[in-house]
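The values are calculated or read from the model by the stated rules, or taken from the named source; none is laboratory data. What you are looking at is a predicted structure, and each value in this text was computed from that prediction instead of being measured. Heads up, the Cβs are rebuilt from the backbone with ideal geometry, glycines too, and the neighbour counts pull from every protein chain shown. These area figures cover heavy atoms from the full protein model, side chains too; ligands, DNA and RNA do not enter into them. Shrake-Rupley method; radii C 1.70, N 1.55, O 1.52, S 1.80 Å.
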Amino acid sequence: FLMERKTRVKTSRKEIVLAKLRKSCSCSPRKLKNFVMDFLPVLRWLPKYQCKEYIWGDIMSGLVIGIILVPQAIAYSLLAGLKPIYSLYTSFFANIIYFLMGTSRHVSVGIFSLISLMVGQVVDRELILAGFDLNDDAPPVLGDGSLQSDGQPNTTAFNLTAAGMSAACGKECYAIGIATALTFVAGVYQVLMGVFRLGFVSMYLSESVLDGFATGASLTILTAQVKYLIGIKIPRSQGHGMLVITWINIFRNISQANICDVITSAICIVVLVAAKELGDRYKHKLKFPLPTELVVIVVATLVSHYGNLNEVYGSSVSGAIPTGFIAPEVPRFNLMLRVAVDALPLAVVSFVFTVSLSEMCAKKYAYTIRANQEMFAVGFCNIIPSFFHSFATSAALAKTLVKTSTGCQTQVSGVISAMVVLLVLLFLAPLFYSLQKCVLACIIIVSLRGALRKFRDVPARYHANKVDTVVWVVTMAASALISTEVGLLVGIVFSMICIIVRTQRPRTALLGQIQDTSFYEDDLEYENLSSIPKVKIFRFEAPLYYANRNYFLKSLYRLTGLDPNLEVARRKKYEKKEKQHVKKEDHTTANGLGGGDTTLQLVPKQIDFQTLIVDCSCISFLDTTGVNTLKEILKDYKELNISVLLACCNPAVIDSLKRGGYFGKDCGSMQEMLFYSIHNAVQFAQDQK
């Protein structure tokens with residue numbers, strides 16, 4: 001039977017573009033209102049807020065996240081290479097802006113370990129280029145902001161001037177300048193991606209790439225915190241191979257370990273891990289997670305303060321954390337040019353983590369998000385706070401899970417968390433002066449448990465999909481051993497190469513008929529399949545395009561046991577030899593032993609099939625090379641009196657074949673060459689005998 005295709009009404013692209021432009025550029029009060037409400041989703045859902053039903057869950061989750069956020073913000077400042085006050089600013093502004101612009105009710109946006117690490121690597125590199133010492137015990141900043149230096153004051157001043165900053169700007173000032181410039185550019189990238197609807201970029205970051213990147217970055221984070229755990233003073237490594245270089249320096253200086261920091265770290269890790277394990281085991285019985293990090297920080301600060309651990313044992317402490325807000329400052333344009341390339345992977349990673357977590361929560365709680373608006377929200381969570389001495393943010397998985405488990409209902413919980421951070425900023429920040437850095441390092445390391453546990457999943461991952469496991473291993477190794485940015489790029493490129501290779505060498509099979517049915521399956525995979533006399537059915541499980549053309553032909557010839565080109569050439573040689581024998585006058589010589597041997601070698605091969613059916617159900621598209629390949633096998637097999645039939649072609653493949661002239665000029669023979677099922681093609685082949 002022949003199915004008739006629907007006739008499509010062709011509309012010129014020019015008219016479509018003009019219609020979209022008219023729709024986009026037109027302005028009316030209603031459209032302006034919709035634009036504002038789409039840009040600020042809070043205007044839509046806040047008037048419908050059901051206070052009695054939602055308020056207590058939002059308050060509880062907001063308080064819990066705020067309590068967790070404060071110690072994590074202070075701890076993650078070590079990763080970013082910045083002072084703790086800037087981490088608190090970041091957490092405060094990110095929650096407020098996402099409350100106004102975000103579409104996910106449950107995502108916790110704020111400071112995130114991987115983003116902090118990426119920011120810290122850029123900050124460290126630029127500090128080195130500016131002539132600063134990355135050692136934590138570098139000369140302090142004077143009251144006027146200049147760097148106190150006993151050796152080479154002119155070097156620092158010269159490098160700062162070359163970078164476009166005033167010579168009076170010290171290490172801390174320059175570091176936050178780099179961080180805010182990087183954050184601003186990343187936010188601009190995200191907004192531009194939203195304007196041009198480039199959210200599809202996230203599709204190239206597969207789950208294996210993201211997991212491998214997170215695990216590799218976690219190893220880098222762990223390595224960077226070891227020196228704080230044991231209290232040794234080693235230079236902060238920068239550039240490729242940072243993980244290996246840092247471990248070499250750690251073992252070289254292990255004899256200088258501070259016994260006070262070692263004991264404190266051991267106690268804190270035991271307490272934190274034990275509390276996390278108990279929390280995971282009894283999470284169904286607990287109404288909210290235990291604020292272990294806050295308890296550990298409070299106790300450790302009191303012990304450090306009253307035990308004078310900094311003065312007596314030389315334990316490194318956080319130092320003074322000022323209260324209040326610093327006057328806003330515009331990020332410096334000349335610094336943006338230095339970090340423009342670094343901001344791109346930062347923007348992509350931040351967006352991908354936020355959107356993936358938003359979609360996960362929306363699916364779980366049955367509501368919808370707008371991915372494009374999420375990109376705007378994250379972009380402005382970076383752009384606006386960069387004027388207030390904040391650095392890049394993203395959604396964080398751990399805090400999002402805590403938020404959902406503590407009764408969060410809407411984005412109002414983010415405002416409650418911001419108020420907790422504001423309380424610390426205005427009144428409580430100086431109380432953390434004596435907090436040991438090794439305690440912050442313990443909090444960071446314990447927070448990496450989820451990412452580091454991915455190593456336990458490798459056997460199961462390998463059993464499920466070997467290629468995805470290789471992608472995970474390659475991305476993880478590149479992120480840890482080279483650098484996070486290079487690791488992400490390597491993971492994306494390698495995963496795409498794997499996809500290309502899998503389409504270049506896909507599965508191929510000869511099909512047999514399932515007995516007493518009209519269905520056909522792989523003869524090597526299933527028992528009790530019956531072959532069709534004089535018919536071969538070939539399946540190619542991939543698109544047919546220029547990269548896999550040769551593999552298609554080789555697989556076809558190998559499985560059918562017949563290369564038509566060789567067979568045609570063999571027959572031509574045989575015919576030519578026969579003509580030579582006829583022309584010879586001496587028939588006795590012509591029938592001799594040597595001639596007989598030659599004739600036997602040139603006898604044409606006996607072909608055991610008369611029809612070749614190509615199952616195109618797995619061929620999603622054809623390019624020009626693919627169409628020409630099918631035309632080639634049609635011609636080659638025709639010379640051997642073997643007919644080629646196509647089955648199960650989708651409309652796109654049929655259109656490509658028509659445009660390529662596969663069915664002839666007027667497609668007159670299409671009904672005899674194309675079938676909508678394999679069984680129809682088999683019946684046609686049997687009827688033609």
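Assorted remarks:
- Residues within the stretch 532-558 that are over 20 Å from Cys648 (Cα atoms) and either outside any loop (DSSP other than H, G, I, E, B) or over 32 Å from the mean Cα position of the chain (by Cα) (or both), tallied: 7
- Of the criteria (1) open to solvent by less than 20 Å² (accessible area, probe 1.4 Å); (2) at positive phi, which one Ala377 fails: (2)
- Selected residue (criterion: farthest from the chain's Cα centre (by Cα)) from residues of the stretch 628-655 that are open to solvent by less than 10 Å² (accessible area, probe 1.4 Å) and closer than 17 Å to Ala542 by Cβ: Ile633
A quick yes/no check of all residues on (1) open to solvent by 20 Å² or more (accessible area, probe 1.4 Å); (2) over 27 Å from Lys399 (Cβ atoms); (3) of a type in the set (Val, Ile, Thr):
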{"residue": "Leu488", "(1), (2), (3)": "no, no, no"}
{"residue": "Gln504", "(1), (2), (3)": "yes, yes, no"}
{"residue": "Thr517", "(1), (2), (3)": "yes, yes, yes"}
{"residue": "Leu529", "(1), (2), (3)": "yes, yes, no"}
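- Every condition in (1) small (Gly, Ala, Ser); (2) crowded, with 23+ Cβ neighbours inside 10 Å; (3) assigned to a helix (DSSP H, G or I); (4) over 21 Å from the mean Cα position of the chain (by Cα) holds for Ala429 except the one numbered (2).
- Residue-level check: of (1) crowded, with 23+ Cβ neighbours inside 10 Å; (2) closer than 23 Å to Leu286 by Cβ, Gln409 misses just (1).
- Near pairs, Cβ below 9 angstrom, 6+ apart or cross-chain, from the stretch 356-367 (touching a residue at least 60 places away in the same chain (Cβ under 8 Å)) to any residue that is open to solvent by 90 Å² or more (accessible area, probe 1.4 Å): Ser356/Glu207; Cys361/Arg105; Ala362/Arg105; Ala362/Thr368; Tyr365/Arg105; Tyr367/Arg105
- Selected residue (only one of Ala480, Ala441, Ala451 is assigned by the TED database to the domain that holds Val303 and in contact with a Phe, Trp or Tyr (Cβ under 9 Å, 6 or more places away or on another chain)): Ala441
- The residues listed here are Ile96, Ile67; of these, the one that is surrounded by fewer than 23 Cβ atoms within 10 Å (Cβ to Cβ), touching a Gly at 6+ places or on another chain (Cβ under 8 Å) and farther than 30 Å from Gly239 by Cβ is Ile96.
- Among the candidates Lys52, Lys20, residue that is modelled with pLDDT of 85 or more, in a helix (DSSP H, G or I) and open to solvent by 80 Å² or more (accessible area, probe 1.4 Å): Lys52
- At least 3 residues being under 23 Å from Val341 (Cβ atoms) is the threshold, and among the helices (runs of 4 or more DSSP H) wholly inside the stretch 446-503 those reaching it are 466-481.
- Residue pairs meeting the criteria (Cβ under 7 Å; at least 6 apart or on separate chains; first at negative phi and open to solvent by less than 10 Å² (accessible area, probe 1.4 Å), in the stretch 170-192; second at pLDDT below 90 and β-branched (Val, Ile, Thr)): Gly170/Val141
- Some residue of the stretch 561-572 being in contact with a strand residue (DSSP E or B) (Cβ under 7 Å, 6 or more places away or on another chain), open to solvent by less than 30 Å² (accessible area, probe 1.4 Å) and either at pLDDT 80 or above or assigned to a loop (DSSP other than H, G, I, E, B) (or both): no
For every residue, the table says whether it meets (1) buried (at least 17 other Cβ atoms within 10 Å of the Cβ); (2) of a type in the set (D, E, K, R).
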position: Gly512; (1), (2): yes, no
position: Lys534; (1), (2): no, yes
position: Ile537; (1), (2): yes, no
position: Glu541; (1), (2): no, yes
position: Leu544; (1), (2): yes, no
position: Asn550; (1), (2): no, no
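- Flag if Lys31 is modelled with pLDDT under 85, part of a helix (DSSP H, G or I), outside the structural domain of Ala398 (by the TED database) and open to solvent by less than 80 Å² (accessible area, probe 1.4 Å): yes
- Asp144 falls short on exactly one of the conditions (1) within 24 Å of Arg338 (Cα to Cα); (2) at pLDDT below 50; (3) among the charged types (D, E, K, R), and that condition is (1).
- Pairs with Cβ under 6 Å, 6+ apart, first in the stretch 224-247 and without any contact (Cβ under 8 Å) to a residue 12 or more places away in the chain, second of a type in the set (Ser, Thr, Tyr) and assigned to a loop (DSSP other than H, G, I, E, B): Ile245/Ser237
- Any hit, the stretch 195-202, residues being touching a helix residue (DSSP H, G or I) at 6+ places or on another chain (Cβ under 9 Å), modelled with pLDDT of 85 or more and either part of a helix (DSSP H, G or I) or hydroxyl-bearing (Ser, Thr, Tyr) (or both): yes
- Number of positions in the stretch 618-627 that are surrounded by 16 or more Cβ atoms within 10 Å (Cβ to Cβ) and small (Gly, Ala, Ser): 1
- Residues of the stretch 646-683 that are aliphatic (A, V, I, L, M) and part of a helix (DSSP H, G or I): Ala652, Val653, Ile654, Leu657, Met670, Ile678, Ala681, Val682.
- Of the candidates Ser87, Ser116, Ser77, Ser91, the single residue that is touching a strand residue (DSSP E or B) at 6+ places or on another chain (Cβ under 6 Å), assigned by the TED database to the domain that holds Ile482 and modelled with pLDDT of 85 or more is Ser91.
The rows are residues; the columns are (1) modelled with pLDDT of 90 or more; (2) touching a Pro at 6+ places or on another chain (Cβ under 8 Å).
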residue	(1), (2)
Gly592	no, no
Thr599	no, no
Thr624	yes, no
Asp636	yes, yes
Ser643	yes, no
Ala647	yes, no
Asn650	yes, no
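- Subset of the stretch 609-645 (residues that are in a strand (DSSP E or B), closer than 20 Å to Gly561 by Cβ and either in contact (Cβ under 8 Å) with a residue 40 or more places away in the chain or of a type in the set (Phe, Trp, Tyr) (or both)): Phe609, Gln610, Thr611, Leu612, Ile613, Val614, Asp615, Ser643, Leu645
- If you filter the stretch 577-590 down to residues that are at pLDDT below 80 and among the basic types (Lys, Arg), you find that the one that is farthest from Leu612 (Cα to Cα) is Lys584.
- Given (1) over 17 Å from the mean Cα position of the chain (by Cα); (2) open to solvent by 40 Å² or more (accessible area, probe 1.4 Å), index of the condition Asp468 fails: (1)
- Among (1) charged (D, E, K, R); (2) open to solvent by 30 Å² or more (accessible area, probe 1.4 Å); (3) assigned to a helix (DSSP H, G or I) - the single one Lys233 does not satisfy: (3)
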